[in-house]
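Peer 1: Pasting in a structure now, in structure tokens, and then I'll have a few things to ask.
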Amino acid sequence: MKSLNINSSDQVALRNCEPIFWGNKAYLDQSLPISTASTSELYEAADRLIRFAPVLSCLFPELELSNGLIESPLLKAPFLNEKVNPIGGVLYIKADHILPVAGSIKARGGIHEVLCFAEKLALDEGLLTSVSDDYSVFLSPEARDLFSQYTIAVGSTGNLGLSIGIAGSALGFKTVVHMSSDAKEWKKARLRKRGVKVVEHKADYGVAVEAGRSEADADEYSYFVDDERSSHLFMGYAVAALRLKEQLEHQGILVDESHPLFVYLPAGVGGAPGGITFGLKTVFGDSVHCFFAEPVQAPCMLLGMAGEAKTEPTPVYEYGLTIDTDADGLAVGTASQWVCDVTRHLLSGVFTATDDSLYRQLYLLKTLEDIEVEPSAAIGCLGPLMLNTPAGKAYLQAQQLSVPLSKSTHIAWLTGGSFVPQEEYQTYFDKAVSRFSS
Ligand SMILES: *Cc1c(COP(=O)(O)O)cnc(C)c1O
């Protein structure tokens with residue numbers, strides 16, 4: 001097995017499916033052979049989303065109020081804060097579980113990537129002469145004719161498929177989603193209803209991606225959205241940081257050296273939390289501390305980040321794990337090496353959580369704040385508690401952060417849930433109640 005930067009008691013805990021907090025030794029290490037993502041690409045992505053806003057607002061009436069921007073509110077959560085934040089400071093919720101169009105954080109990256117492809121085709125084929133032209137051409141019959149010749153394909157545990165499928169088919173593309181075995185039936189049904197072709201695989205997420213990639217490679221009219229190494233997805237996610245900065249300012253929440261910001265991001269293959277981390281570090285530098293959160297059965301980003309730079313991430317299967325978790329959005333066995341390499345020096349740490357503790361957070365969110373999320377999304381609420389463990393406190397100490405924590409801000413990033421059918425949510429909630437109501 002490859003050498004990993006994980007101490008021996010944590011290695012044992014990983015195998016035993018016990019939750020851990022892992023502080024990243026490579027954080028801020030300038031000597032690493034890092035690949036840096038480009039900040040100009042981040043601002044280009046933000047501009048692209050603004051150019052397309054009028055188009056999106058026509059395609060998706062739910063975006064009218066936001067003038068075509070796909071954004072979620074930053075919510076106070078006073079009752080949850082009381083219950084789950086022993087650190088001090090104030091806990092907020094970033095409400096991507098109600099992100100319009102796709103109902104999950106995947107709306108950010110997925111839709112951005114579809115727009116990149118559509119924009120490129122329109123420029124190549126002369127529908128647009130420059131990006132300052134009128135983008136209503138994307139709603140024209142000519143554009144639909146052009147796009148209908150192309151297929152956009154993706155491999156997904158579910159939510160990315162929803163995002164790509166919905167955005168791609170709205171613009172007139174053919175869309176194919178390769179689903180892993182843990183993808184939920186309702187997600188497949190919802191896609192099929194929109195005319196998206198769903199291909200089911202009796203294997204994990206990595207296999208679904210591989211199948212999608214090779215099928216698309218064989219067809220020149222097919223474009224594959226590669227969740228394991230796409231900078232378009234990554235930058236679409238990263239734009240969230242620019243928007244969050246505005247929201248924080250708007251609510252009068254300071255972020256600086258004496259007002260640190262802690263952000264807890266659910267992680268699957270790494271693109272969404274990695275992109276947001278990149279964006280946040282670009283905007284807030286050392287004042288922000290980003291943590292990934294993973295199920296004990298699928299700590300793939302932890303293994304990836306704990307590995308050496310520029311080497312393949314270790315699959316969780318090598319630790320005897322099976323990615324058996326109700327957090328289907330995070331059920332990924334091997335991290336994206338690309339994301340690990342661009343965020344290794346930016347990430348503060350990773351913590352893991354049992355499904356039981358996810359259900360507890362799902363229960364607390366509903367009963368204290370009347371917020372309904374899918375199990376994957378609830379994991380971020382454990383951030384302050386995990387930062388309060390001995391390993392978490394060691395991180396704070398090392399960053400000399402023990403003093404101003406009463407002035408800190410914590411954000412649990414809720415990543416999905418509003419598309420979950422009510423009876424499915426009820427099953428989650430009943431499961432949570434049966435465990436915690438006593
Ligand atoms: C996909 C997903 C994530 C994590 O995103 P990755 O890019 O896979 O790391 C988190 N939460 C939900 C609900 C998701 O669907």
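Throughout, read-outs are computed from the coordinates displayed, never taken from laboratory work. Treat the numbers as computed from the prediction; the structure is a model and nothing was measured. So basically every Cβ, Gly included, is an ideal-geometry build from the backbone, and we count neighbours across all protein chains shown.
Peer 1: Taking segment 197-275, which trypsin sites (Lys or Arg not before Pro) meet the DSSP loop condition and have no more than 11 other C-beta atoms within 10 Å?
Peer 2: When the trypsin sites (Lys or Arg not before Pro) of segment 197-275 are filtered for loop state and at most 11 Cβ neighbours within 10 Å, LYS202 remain.
Peer 1: Could you derive backbone 3J(HN,Hα) for segment 193-201 from the dihedral phi with the Karplus parameters 6.51, -1.76 and 1.60 (θ = phi - 60°), listing whole Hz in sequence and x where the residue is Gly or Pro?
Peer 2: Taking θ as phi minus 60°, the curve returns 4, 8, x, 7, 7, 10, 10, 9, 10 Hz for segment 193-201.
Peer 1: Let me ask another. Send over the semi-axes of the chain's equivalent ellipsoid, whole angstrom and largest first, taken as the square roots of 5 times the C-alpha gyration tensor eigenvalues. Show your work: numbers first, answer last.
Peer 2: Working: eigenvalues 216, 110, 99 Å².
Over the Cα atoms of the chain, the semi-axes work out to 33, 23, 22 Å.
Peer 1: Considering the dipole of the chain built from charges on the beta carbon (Lys and Arg +1, Asp and Glu -1) around the Cα centre, which of GLN149, GLY333, LEU128 is farthest to its positive end?
Peer 2: It is GLY333, whose Cα lies furthest towards the positive end.
Peer 1: Counting Lys and Arg as +1 and Asp and Glu as -1, each charge on the Cβ, what is the dipole of segment 156-225 about the Cα centre in debye, to the nearest 20?
Peer 2: 520 debye
Peer 1: Magnitude of the Cβ-charge dipole of the chain, K/R +1 and D/E -1, about the Cα centre, nearest 20 debye?
Peer 2: It works out to roughly 740 debye.
Peer 1: Here's a follow-up. Filter LYS76/LYS407; LYS106/LYS174; LYS83/LYS187; LYS25/LYS281; LYS188/LYS281 down to the pairs with a C-alpha to C-alpha distance above 27 Å, please.
Peer 2: LYS83/LYS187; LYS188/LYS281
Peer 1: How far is helix 231-250 tilted, in degrees, relative to the longest principal axis of the Cα atoms in the chain, given as a value from 0 to 90 rounded to the nearest 10?
Peer 2: Roughly 60 degrees between the two axes.
Peer 1: Also: Restricting to DSSP loop positions (anything but H, G, I, E, B) with no more than 16 other Cβ atoms inside 10 Å of their own Cβ, which GluC sites (Glu not before Pro) remain in segment 104-133?
Peer 2: Of the GluC sites (Glu not before Pro), the ones in loops of segment 104-133 whose Cβ has at most 16 other Cβ atoms within 10 Å are GLU125.
Peer 1: If you don't mind, another one. Per DSSP H run of n ≥ 4, the term is -39500 (n - 2.57); total these for the chain, divide by its residue number, and report the mean residue ellipticity at 222 nm rounded to 500 deg cm²/dmol.
Peer 2: -13500 deg cm²/dmol
Peer 1: Can you list, bin by bin at 5 Å, the percent of alpha carbon pairs in segment 261-348, starting at 0?
Peer 2: Per 5 Å bin, starting at 0, the Cα pair percentages come out as 3, 17, 27, 23, 17, 9, 3, 1.
Peer 1: Under the rule a/c < 1.5 gives rounded, and otherwise a/b versus b/c splits prolate from oblate, where does segment 23-95 land using the Cα gyration tensor?
Peer 2: oblate
Peer 1: Let me know the shape class of segment 146-205, please: from the alpha-carbon gyration tensor, a ≥ b ≥ c as square roots of the eigenvalues, rounded when a/c is under 1.5, otherwise prolate if a/b is greater than b/c, or oblate.
Peer 2: Prolate is the answer for segment 146-205, as a/c is 1.5 or above and a/b outweighs b/c.
Peer 1: Now a separate question. Calculate the FRET efficiency for GLU423 and GLN400 from the Cβ-Cβ distance with a Förster distance of 45 Å, rounded to the nearest 0.05.
Peer 2: Taking R0 as 45 Å, the efficiency between GLU423 and GLN400 is 0.35.
Peer 1: Between helix 355-369 and the chain, what is the angle of the helix's C-alpha long axis to the longest principal axis, kept within 0 to 90° and rounded to the nearest 10?
Peer 2: With rounding to tens, the tilt is 80 degrees.
Peer 1: Right, next: Under a plain spin-label model, where a point goes 7 Å from the Cα along Cα-to-Cβ, how far apart in nm are ASP124 and LEU368?
Peer 2: Here the answer is 5.0 nm between the modelled labels.
Peer 1: In sequence order, what are the phi-derived ³J(HN,Hα) couplings for segment 385-392 according to the Karplus relation 6.51 cos²θ - 1.76 cosθ + 1.60 with θ = phi - 60°, rounded to whole Hz, with x for glycine and proline?
Peer 2: Calculated HN-Hα couplings, in order: 5, 6, 6, 8, 7, x, 5, x Hz.
Peer 1: Another question, if that's okay. Roughly how compact is segment 91-214, stated as its Cα Rg over 2.2 N^0.38 Å to two decimals?
Peer 2: That ratio works out to 1.12.
Peer 1: For segment 179-287, what is one quarter of the convex hull surface built on the Cα atoms, given in nm²?
Peer 2: Average of the hull's projected areas for segment 179-287 equals 9.1 nm².
Peer 1: Give, as a single signed number, the net charge of other residues whose beta carbon lies under 14 Å from the beta carbon of ASP96, with Lys and Arg counted +1 and Asp and Glu -1. All intermediate terms of the calculation are to be shown ahead of the outcome.
Peer 2: Numbers: positive: LYS94, LYS106, ARG108, ARG243; negative: GLU71, GLU372, GLU374.
With Lys, Arg at +1 and Asp, Glu at -1, the neighbours total +1.
Peer 1: A further question on this structure: Give a quick list of trypsin sites (Lys or Arg not before Pro) in segment 50-150 that DSSP marks as loop, anything other than H, G, I, E or B, with at most 15 other Cβ atoms within 10 Å.
Peer 2: Values: sites: ARG51, LYS76, LYS83, LYS94, LYS106, ARG108, LYS120, ARG144; in loops: none.
Within segment 50-150, no trypsin sites (Lys or Arg not before Pro) qualify (loop, at most 15 other Cβ atoms within 10 Å).
Peer 1: Where Lys and Arg each count +1 and Asp and Glu each count -1, what net charge lies around SER130 among other residues with Cβ under 12 Å from its Cβ? Present the calculation step by step, with values, prior to reporting the outcome.
Peer 2: Details: positive: ARG51; negative: GLU119, ASP133, ASP134.
Summing Lys/Arg as +1 and Asp/Glu as -1 gives -2.
Peer 1: Can you tell me the dipole magnitude for segment 1-140 around its Cα centre, using point charges on the Cβ only (Lys, Arg +1; Asp, Glu -1), in Debye to the nearest 20?
Peer 2: 700 debye
Peer 1: Starting at 0 and stepping by 5 Å, how many percent of the alpha carbon pairs of segment 337-430 end up in each bin?
Peer 2: Bins of 5 Å from zero give 3, 11, 18, 19, 16, 15, 10, 6, 2, 0 percent of pairs.
Peer 1: Something else now. Given the options ALA211, TYR359, LEU160, identify the residue whose Cα lies farthest towards the positive end of the charge dipole of the chain (+1 on Cβ of Lys, Arg; -1 on Cβ of Asp, Glu).
Peer 2: Final value for the positive-end residue is TYR359.
Peer 1: Say the dipole of segment 24-80 comes from +1 at the beta carbon of Lys and Arg and -1 at that of Asp and Glu; which of SER57, LEU42, LEU74 then lies farthest toward its positive end?
Peer 2: LEU74
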